[in-house]
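Here's the structure, in C-alpha cells; my notes come after.
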Amino acid sequence: MKKKLTIREIYLAFLAISLLLFGVYSIFFSHEAEDYESIIYKTNSNIIKTEEIKKSPLTFKAYTKDDPDQFYFVTFTEAVGYQSTIEVMTMIDKEGNIEQVEVIKEGETPAFFDKVKSGKFVHKFMGLSIFEPIYIDNAKGYAGSSEGINTKNKVDAIGGATISSAAITKAVNDGTTSVGDKYFDNHAVNPFYELAFGLNELAL
C-alpha cells in the first residue's frame, strides 16, 4: 500500500521545486534584461572597454583608459538580505585585490539600508584580498562571522543592519571565490555556506 503524502510533505516539496526553478531562472535568465556593461561604465568612469568572460556568476573583464595593460575582473552576484535580494558588483584588480564594491539593486527597508549607506559599508571591502575568504565582524552567530578566526580579511557589520551587511558580504564572497578559482588558481571557500539547511529549515 502506497503511503499518502501529508499536506506538510506536499508543501515542503512545493517549496523545494520553487527554489530549484528560481535557481535555474537566476542562472540562465535573470541577467538578460539588465545592461550590466552600462553599470560598469556608470560606476567607474575610468573603464573604456568590457568583455563578458563568464555567465555564472556573470563576470566581465574591464579595461581602463589610464593604462591599457590594467584590467579588472567585474562580477555580479546576489544574496538574500532582510527583505529583498541584494545585487552586488565587485571589481577586482589583476593582483587579486578588491578595487570597488557597489550595491546595484536592493529592496531593503529604507530605515535599515540607509545605515548601510551612511556607514559606507561597501568601502570597507576596498583593498581586501581574494586569496582568503572575507569574513564579517561584529556578527556573532551568523554564517561568515569572523568570531574565533584570526584574519584581517574582514569587514565590520553595520549596527542595526547586520542582515543586510551579511548579505552583501556573502555576495562579494561569491564573486571573489569564483574569480579566484577560475583565474588565480586559488580555491578559497565562501564561509557563508558553512551552515547546511534542509527542507525544514528552508521552509521556516
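The values are calculated or read from the model by the stated rules, or taken from the named source; none is laboratory data. Keep in mind that what you see is a predicted model, and the values were worked out from it rather than measured. Ideal geometry is used to build each Cβ from the backbone, glycine not excepted, and the neighbour counts take in all protein chains shown. Note: accessible area is taken over every heavy atom of the protein model, side chains too, but ligands, DNA and RNA are not part of it. Shrake-Rupley method; radii C 1.70, N 1.55, O 1.52, S 1.80 Å.
Pairs only if they're at least six apart or on different chains, beta carbon under 6 angstrom, first in the range 25-48 and modelled with pLDDT under 90, second not in a loop (DSSP other than H, G, I, E, B); list them, first residue then second.
Qualifying pairs under 6 Å: 31/58.
Evaluate the following for residue 169: is it in contact with a strand residue (DSSP E or B) (Cβ under 7 Å, 6 or more places away or on another chain) and assigned to a loop (DSSP other than H, G, I, E, B)? Spell out the reasoning first.
On the way: in contact with a strand residue (DSSP E or B) (Cβ under 7 Å, 6 or more places away or on another chain): yes; assigned to a loop (DSSP other than H, G, I, E, B): no.
So residue 169 does not fit the description; no.
Hey, can you tell me all the residues within the range 48-88 that are hydrophobic (A, V, I, L, M, F, W, C) and open to solvent by less than 20 Å² (accessible area, probe 1.4 Å)?
58, 60, 62, 73, 74, 76, 79, 86, 88
Is it the case that some residue within the range 118-131 is part of a helix (DSSP H, G or I), at pLDDT 95 or above, under 28 Å from residue 54 (Cβ atoms) and open to solvent by 40 Å² or more (accessible area, probe 1.4 Å)?
Yes; the residues of the range 118-131 include at least one that is part of a helix (DSSP H, G or I), at pLDDT 95 or above, under 28 Å from residue 54 (Cβ atoms) and open to solvent by 40 Å² or more (accessible area, probe 1.4 Å).
Please count how many residues of the range 133-162 are open to solvent by less than 30 Å² (accessible area, probe 1.4 Å), touching an Asp or Glu at 6+ places or on another chain (Cβ under 7 Å) and of a type in the set (S, T, N, Q).
The total comes to 3.
Got at least one residue in the range 120-132 being farther than 19 Å from residue 76 by Cβ and either in contact (Cβ under 8 Å) with a residue 60 or more places away in the chain or of a type in the set (A, V, I, L, M, F, W, C) (or both)?
Yes, because at least one residue in the range 120-132 is farther than 19 Å from residue 76 by Cβ and either in contact (Cβ under 8 Å) with a residue 60 or more places away in the chain or of a type in the set (A, V, I, L, M, F, W, C) (or both).
Kindly indicate whether any position in the range 180-191 is of a type in the set (Gly, Ala, Ser), surrounded by fewer than 18 Cβ atoms within 10 Å (Cβ to Cβ) and outside any helix (DSSP H, G or I). Steps first, please.
Here is the first cut: in the range 180-191, the ones of a type in the set (Gly, Ala, Ser) are 180, 188.
In the following step, the residues that additionally are surrounded by fewer than 18 Cβ atoms within 10 Å (Cβ to Cβ) were identified as none.
So far as the range 180-191 goes, no, none of its residues is of a type in the set (Gly, Ala, Ser), surrounded by fewer than 18 Cβ atoms within 10 Å (Cβ to Cβ) and outside any helix (DSSP H, G or I).
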